[in-house]
Amino acid sequence: MEVLDIDGLDYDDMLQQLSCLEPGHSIELVGTRAIVGLLKRLLQDQPLRYELSTIRRRPDEWRVKVIVFGEEEPRSVTSYLGRDHDRLDDLLQQAVKLAAHGEWAETQSLIADFRDGLFWHIEIEERLLFPEFELLSGSSAGGPTEAMRSEHDTIKECVNGLVEAAGAEDHDELARHHADLLGVLVEHNMKEESILYPETDRALNGSARNLLVERMMLGV
């Protein structure tokens, strides 16, 4: 995937680079400064053309994947977060394959991206999606989001175990934590994609869905 360093670029420079991309293509934006303002303007000026997925968001490092769409299709929670599940699954699969061949530097890099991406995915669900679902459905205590939050804690523990095992270059421990993670994550994602996401989509009109998805893209 092509990488664009946006440090030193203004909005017009960034937009010019992105406008050259064909539909279906993607690019990774990287920078050492907060870029939410630039990304928010991008979504306002080019509605429905771009989709954003956070790879890493730290005080001194920002990495965002931008996907270009050809047709302006309405956004949905199901498609946006479902695609992010697929992106994260691919990262994990690549890391496990590399670990099996003893390629630890690449494994560590991919698992770090997987951790950062998954933890951000969890954050926007808990901070933005779950409260919206609870408001729309009238459920909170004892409802599906309570179970999801508990599973998120278990998932994070497993992922931290993966990170430690990769750092120690311990294939057996990595395989154990990977199995533990899949034991929770696969069913968790299925429940989200079959219940939580589509129910939220059905409860919102088109403009409200677009707004919620864009808030999750930006993390605001």
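None of the figures in this text is laboratory data; all of them are computed from the coordinates on show. Not measured: the values here are computed from a predicted model. In this analysis, Cβ positions are derived from the backbone assuming ideal geometry, glycine residues included, and neighbour counts consider all displayed protein chains.
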Suppose we keep only residues that are closer than 20 Å to GLU214 by Cα and among the hydroxyl-bearing types (Ser, Thr, Tyr) within the range 4-57. Which one would you say is surrounded by the fewest Cβ atoms within 10 Å (Cβ to Cβ)? SER19
Determine the pairs where a residue that is under 21 Å from GLN44 (Cα atoms), located within the range 54-74, has a partner that is aromatic (Phe, Trp, Tyr) and part of a strand (DSSP E or B) with Cβ atoms under 6 Å apart, the partner being 6 or more residues away or on another chain. VAL66/TYR50
When the residues of the range 79-119 are filtered to those that are touching a residue at least 40 places away in the same chain (Cβ under 8 Å) and among the hydroxyl-bearing types (Ser, Thr, Tyr), which remaining residue is surrounded by the fewest Cβ atoms within 10 Å (Cβ to Cβ)? TYR80
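Give me a count of the residues in the range 148-161 that are among the aliphatic types (A, V, I, L, M) and either more than 23 Å from GLN108 (Cβ to Cβ) or out of contact with any Phe, Trp or Tyr (no Cβ under 8 Å at 6 or more places or on another chain) (or both).
Here is the first cut: in the range 148-161, the ones among the aliphatic types (A, V, I, L, M) are 148, 155, 159.
Okay, now just the ones that are also either more than 23 Å from GLN108 (Cβ to Cβ) or out of contact with any Phe, Trp or Tyr (no Cβ under 8 Å at 6 or more places or on another chain) (or both), so 148, 155.
Of the residues in that region, 2 qualify.
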